[in-house]
Amino acid sequence: MCGIVGYTGTRPVQNILVEGLSRLEYRGYDSAGVAIEQDGALQVIHRKGKVGSLAHTLGHFDFSGTCGIGHTRWATHGRPSEANAHPHVSCDGRIAVVHNGIIENFAELREELEAAGHAFSSETDTEVIPHLIEEACREGADLFQAVREAAERLIGAYAIAAVSAEEPGVLVAARKDSPLVVGLADDGSYVASDIIAVLDATREVVVLSDGDVAKLSPDAREFYNARGERFQPEVAHVDWDVDVAEKGGYPDFMLKEIHEQPRVIRDTLAGRLVNGALAIDELDLSVEELNLIDRVYVIACGTSYHAGLIAKNLVEGWARIPCECEVASEFRYRNPIITPTTLVVAVSQSGETADTLAAIRDARVKGARVFGITNVVGSPVARESDGVIYTKANKEIAVASTKSFLGQVVSLTLLALLLAQVKGKLKMNQVRLLFRELADTADQVERILLECGPAVDAAAQACKDAASALFVGRGMGAAIACEGALKLKEISYLHAEAYPAGEMKHGPIALIDEGFPVIAVATKSPVYDKVVSNLQEAKARGAMVVAVATEGDEEIGRHADHVVFIPKVRDAFSAVTASVPLQLFARAIALERGCDVDQPRNLAKSVTVE
Ligand code: F6R
């Protein structure tokens, strides 16, 4: 949520900032701005709307300055507007700051600063920072010292980049609980919320840790830790390709990412079967410790929570361990039963979701072992967990999660298999068979992507003008339906609800009248017949039924207006295959309705606020 980029060096900064912000736009896109040092002053330009609008305005200027900062915003405090867009500046306009995160004590700080004569021009929490820095500079601090002093006053999460017209070429960056990296290049130093923004310029990066402050200038870089001690940072070499930030011939990132899913499945499984047994060494728990686990909580938000619902079925079904799946924002505020033999599995694509992080901290304080499943190496979820599985989805740019979801489902399936293996609930040959079938889903998803387009498009045409839709399924299908409904509502703004099909008669069936879309996960499973009965109930009331069904099912056509057939897989793996046509269905409807599938309104890729 919110993207920061900064540069100091020998190249003109304007285009560096615009290009970096375009890459970070997935983090927020309601307004954008830059501050560029130019002829002894700061040129600050803001625009409401996407980075393209800022780029258009900057096109009239062509600044030659070589030090600056930029920001693309996802509003938290203060509506999206030009006044609330970053960078924010001090009273004299000579200090500019961009910030990602939330300053929890901003109201007190603002009151204090206003009493000291500072004039504010936005509704944001961020604006206290340039004024705090200005205050420290008035006492004689330089920019670096002033940022440190300001940071000490802040409660909450922040990644900050600051420049001052008084110190040309100096850029100071600091972070706590919000990501920030420094890119090291021959022409200078880059700062960004995400490595992706600097990959064109360099592959050598320093990932700042909580409390770190970096002082950068065209010819020097200094790094200090939370205690103020200078340190030599570890430089990471990034070997993934900048192509991940390009559409690679696809019309949008969402479609590109949907098509990457077979690769995600293969990469997530690679190297997991060692000498015929499952191995997840990163778990960092001995077989004895794993064997003692008697309760599992999966905690997550949004799409990741839906991956957790799938896991609940598998952990209980295979390992026979009680497993609850709970949204992190609820888990953190109740008093769940946690003992040292409880395993908490925190699932987060971004690895920085505030609610999930808070739940992890809470669970650890209560004595649980916490295991993270995330897509982002070195993210807070990875760092704060006792062990981690990386989902190997690579960077996901489209705001609606697709390939990350599949990576999570596959990782959680592995974890469920491992628990079953350790507990002796599945024999080794069963584990191997299941693993092989799971690996086969990569080919099956490939086939779905090749073959199901026409059926999905026909179903989307039929549903695109509806005001609302009901997604139903039973067992695994109920969890898959939840994800299908979320995908549809977030990118097409078509209201959708998911219900276990058996619950329809207890209320939602009242919604159904002539032509009302009911989207059913009706793949072959132990509850297939039950789902079909529920579809008959819906059909009898005029519903327009779209079914995702198993190839060879000759009966389903009698109960559905549109059928999308997918290859037969074991029910345990149906989420991996059946989710894919639902992703395509949501995208097709969104496009029909003229929506931006990569950047839906009001959303952001990582949610670092409570
Ligand atoms: C939906 C989506 C969100 C996220 C949720 C949690 O497509 O992407 O619902 O799943 O905000 O985010 P992470 O997984 O980063 O913790």
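The values are calculated or read from the model by the stated rules, or taken from the named source; none is laboratory data. Since we're looking at a predicted model, the values are computed, not measured. Note that each Cβ is placed from the backbone with ideal geometry, even for glycine, and that neighbours are counted across all protein chains shown. Remember, those area values only see protein heavy atoms, side chains included, never the ligands or the DNA or RNA. Shrake-Rupley method; radii C 1.70, N 1.55, O 1.52, S 1.80 Å.
Could you tell me which of the residues Leu419, Leu450, Leu415, Leu433 is more than 25 Å from Ala520 (Cβ to Cβ), open to solvent by 40 Å² or more (accessible area, probe 1.4 Å) and over 17 Å from the mean Cα position of the chain (by Cα)?
Only one candidate qualifies: Leu433.
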| request: Could you run through segment 95-121 and say how many residues are in contact with a strand residue (DSSP E or B) (Cβ under 6 Å, 6 or more places away or on another chain) and at negative phi? | output: 9
| request: Count, please, the residues in segment 66-85 that happen to be open to solvent by less than 10 Å² (accessible area, probe 1.4 Å) and at pLDDT 95 or above. | output: 5
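Against the definition (at pLDDT 90 or above, away from the ligand (no atom under 13 Å from the Cβ) and surrounded by 19 or more Cβ atoms within 10 Å (Cβ to Cβ)), how does Asp355 come out, yes or no?
Working: at pLDDT 90 or above: yes; away from the ligand (no atom under 13 Å from the Cβ): no; surrounded by 19 or more Cβ atoms within 10 Å (Cβ to Cβ): yes.
No; evaluated as a whole, the condition is false for this residue.
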| query | What is the number of the single condition among (1) assigned to a loop (DSSP other than H, G, I, E, B); (2) without any contact (Cβ under 8 Å) to a residue 24 or more places away in the chain that Ser53 does not meet? | reply | (1)
| said: I need a count of the residues in segment 402-443 that are within 16 Å of the ligand (Cβ to nearest atom), of a type in the set (S, T, N, Q) and assigned to a helix (DSSP H, G or I). | reply: 3
| note | Among the residues of segment 17-42, the number that are in contact with a strand residue (DSSP E or B) (Cβ under 6 Å, 6 or more places away or on another chain) and over 19 Å from Arg73 (Cβ atoms) is 1
| Ala157: buried (at least 20 other Cβ atoms within 10 Å of the Cβ) and either on the phi < 0 side of the Ramachandran plot or in contact with a Cys (Cβ under 9 Å, 6 or more places away or on another chain) (or both), yes or no? | yes
| message | I'd like the full set of residues that are touching an Asp or Glu at 6+ places or on another chain (Cβ under 8 Å), of a type outside the set (Phe, Trp, Tyr) and within 16 Å of the ligand (Cβ to nearest atom), limited to segment 291-306. | response | Val298, Ile299, Cys301, Thr303, His306
| Are any residues in segment 1-41 part of a strand (DSSP E or B) and open to solvent by 20 Å² or more (accessible area, probe 1.4 Å), and if so, which ones? | Glu37, Gln38, Ala41
| Say we look at segment 89-114 and pick out the residues that are within 24 Å of Gln43 (Cα to Cα), among the β-branched types (Val, Ile, Thr) and within 30 Å of the chain's Cα centre (by Cα); which of these is surrounded by the most Cβ atoms within 10 Å (Cβ to Cβ)? | Val98
| task | List every residue pair whose Cβ atoms lie under 6 Å apart, where the two residues are 6 or more positions apart in sequence or sit on different chains, the first residue falls within segment 284-303 and is closer than 19 Å to Trp318 by Cβ, and the second residue, located anywhere, is within 16 Å of the ligand (Cβ to nearest atom) and of a type in the set (Val, Ile, Thr). | result | Tyr297/Val344; Val298/Val345
| Every residue from segment 329-348 that is within 15 Å of the ligand (Cβ to nearest atom), crowded, with 19+ Cβ neighbours inside 10 Å and more than 18 Å from Gly387 (Cβ to Cβ) | Phe331, Arg332
